[in-house]
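*Asks:* This structure is in structure tokens; I'll ask about it shortly.
Just so it is clear, none of the values below were taken in a lab; they were calculated from the coordinates. Since we're looking at a predicted model, the values are computed, not measured. Methodologically, a virtual Cβ is constructed for each residue, glycine included, from the backbone with ideal geometry; neighbour enumeration extends over all protein chains shown.
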Amino acid sequence: MIRRLFLTFLLASFSTCAQATPWSDLEPGTVLRLRDALQLAEGYCFKKGGTFALHRIDFLDSIQVEMLSLRLFPCPRSFADKKAELQIIKEKYGLEMDLQCEITLFVEMKDYYSESLFEASPR
């Protein structure tokens, strides 16, 4: 019985480690992993598990949007000199990509407490 409880607790612990981090819990200076692949209109694809460094979060009060500045690393050579115009992904977020894999992600404030596209990367 104790063994079964321990195994249940252990399984629950592992499943919570891989859960998405809410947008509200993201902080600059953290490393994040993409939970699902993202396909952009220009043909670029960010792979599941891709690593991003979050270096800035701004709140645009006038339009009720959170703007996150991230960098994909390592930056694939095929992305290094490319740009992607602002587009809607996952039917609710705005994303644009600048040179050297600089990503700007826009999240409406109504989605601020929902699950993000990322999970915290293990340290």
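*Asks:* For the stretch 33-123, what does the convex hull of the Cα positions come to per residue, in cubic angstrom?
*Replies:* For the stretch 33-123, the hull spanned by Cα atoms encloses 100 Å³ per residue.
*Asks:* State the extension gain, in nm to one decimal, for the chain segment bounded by residue 48 and residue 112, taking 0.36 nm per residue of separation less the distance between their alpha-carbons.
*Replies:* Extra length available between residue 48 and residue 112 comes to 20.8 nm.
*Asks:* Using θ = phi - 60° and the Karplus form 6.51 cos²θ - 1.76 cosθ + 1.60, what ³J(HN,Hα) does each residue of the stretch 72-87 get, whole Hz, x for Gly and Pro?
*Replies:* 6, 9, x, 7, x, 4, 5, 9, 4, 10, 10, 10, 10, 5, 4, 8
*Asks:* Find, among the GluC sites (Glu not before Pro) in the stretch 54-123, those assigned to loop by DSSP (not H, G, I, E, B) with at most 11 other beta-carbon atoms within 10 angstrom.
*Replies:* Hits after loop and neighbour filter: 91.
*Asks:* Still on this structure, I have one more. Fully extended, how many nm does the chain gain between residue 99 and residue 82 (0.36 nm per residue separation, minus their Cα-Cα distance)? Walk me through the numbers before you get to the answer.
*Replies:* Values: separation 17, 0.36 × 17 = 6.12 nm, distance 0.56 nm.
Length gained, residue 99 through residue 82: 5.6 nm.
*Asks:* Something else about it: Arrange 121, 116 by Cβ neighbour counts within 10 Å, fewest through most, would you?
*Replies:* Numbers: 121 14, 116 22.
Fewest-to-most Cβ neighbours within 10 Å comes out as 121, 116.
*Asks:* Further question: From the backbone phi of the stretch 37-48, what are the Karplus-calculated ³J(HN,Hα) couplings (6.51 cos²θ - 1.76 cosθ + 1.60, θ = phi - 60°) in whole Hz, Gly and Pro given as x?
*Replies:* 5, 10, 9, 9, 4, 6, x, 6, 9, 8, 6, 4
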